[in-house]
Amino acid sequence: MRSVRSGFTFVELTVVAATIIIFMTLMLPGLTRMREAARRVHCRNNLCQIAVALHNYHDAHRVLPPGCVNETGPVTLGVVTDNHFGWIVQILPQLDEGNCWEQFDFTRTSYQQAPTTVKSPAILHCPSSPMQMLSYAGCHHDAPGPIDVDNNGVLFLNSSIRLQDITDGKAYTLMVGETLPPVLGGTWYQGGAAALRHSGTSWDSIDDSAMRAYYHSASIKDELDPKSPEAQIVSGFPLNFGSVHSDGTHFALADGTVRFVPLHANVSLLRRLGNRHDGEVIEEFEFP
């Protein structure tokens with residue numbers, strides 16, 4: 001009597017494999033979107049905690065921290081004798097980063113610290129960013145310009161802004177927002193272009209080729225030749241806010257709320273939001 005073998009034929013296995021491949025192809029975009037949505041929530045939570053820390057600092061000191069501390073201005077790349085400690089260092093205790101705070105020697109300037117022992121806290125990194133570098137900066141001004149004592153933001157050179165000094169309304173004033181990783185702007189604990197940005201330029205104007213060059217420069221930051229084409233692109237890059245999210249940027253407003261500003265937001269609106277006391281009326285905006 002002839003025996004009957006059980007099992008799948010080659011054709012059946014091929015059909016099953018093709019079905020699995022098609023199913024995975026359909027699922028992968030959804031999984032990618034779900035992961036990015038989770039990373040975006042994480043990024044939003046980072047900014048929420050930073051905003052709470054700034055408010056707790058204000059409760060303790062009756063003012064927001066200075067964006068940058070230095071005897072002279074405007075803020076430049078600096079020399080070893082410049083203080084240049086920034087606002088992030090001031091709120092480390094409020095961020096529950098006491099151990100990180102203890103690593104700093106405040107009898108020395110920010111340029112005299114040991115960078116190998118002072119590592120940036122994880123809360124300062126957007127999980128969507130491909131690089132573990134500073135992802136958030138304070139708003140120092142409403143237009144391109146140097147970081148100085150006469151800026152219109154809330155965190156600038158030797159600033160001591162009280163919440164009641166924000167006469168345009170805390171719900172209509174930017175405090176901290178996402179940025180692209182700093183390349184030539186100093187370290188996360190300094191109050192320079194790495195940790196302070198203006199709201200006077202739209203990030204929508206940055207094309208893909210310039211963005212790729214920027215990230216390549218960031219990846220080779222320590223070996224970057226100042227005269228190289230990459231360095232030239234970076235040096236001309238707008239020192240504004242922006243993010244790696246595909247359609248916008250998170251901002252913490254002075255009232256402590258975090259809003260997601262769309263990529264194509266009106267530049268004039270961003271400028272008004274970056275000014276704490278221009279007296280202009282801002283209508284309710286539909287940012288989520």
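The values are calculated or read from the model by the stated rules, or taken from the named source; none is laboratory data. No experiment lies behind these values; they were computed from the predicted model shown. Note that each Cβ is placed from the backbone with ideal geometry, even for glycine, and that neighbours are counted across all protein chains shown. These accessible areas exclude ligands, DNA and RNA; they are computed on the full protein's heavy atoms, side chains included. Shrake-Rupley method; radii C 1.70, N 1.55, O 1.52, S 1.80 Å.
Restricting attention to segment 129-147 and to residues that are open to solvent by less than 30 Å² (accessible area, probe 1.4 Å) and of a type in the set (S, T, N, Q), the residue that is modelled with the lowest pLDDT turns out to be S129.
This table checks each residue for (1) under 30 Å from I282 (Cα atoms); (2) in contact with a helix residue (DSSP H, G or I) (Cβ under 7 Å, 6 or more places away or on another chain).
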site: N83; (1), (2): no, yes
site: N99; (1), (2): no, no
site: R108; (1), (2): no, no
site: V154; (1), (2): yes, no
site: L157; (1), (2): yes, no
site: Q164; (1), (2): yes, no
site: A171; (1), (2): yes, no
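Looking only at residues of segment 237-279 that are modelled with pLDDT under 85 and either of a type in the set (D, E) or not in a loop (DSSP other than H, G, I, E, B) (or both), we find that the one that is farthest from S135 (Cα to Cα) is V267. Mind checking whether some residue in segment 167-174 is open to solvent by 10 Å² or more (accessible area, probe 1.4 Å) and of a type in the set (D, E, K, R)? Yes, segment 167-174 contains a residue that is open to solvent by 10 Å² or more (accessible area, probe 1.4 Å) and of a type in the set (D, E, K, R).
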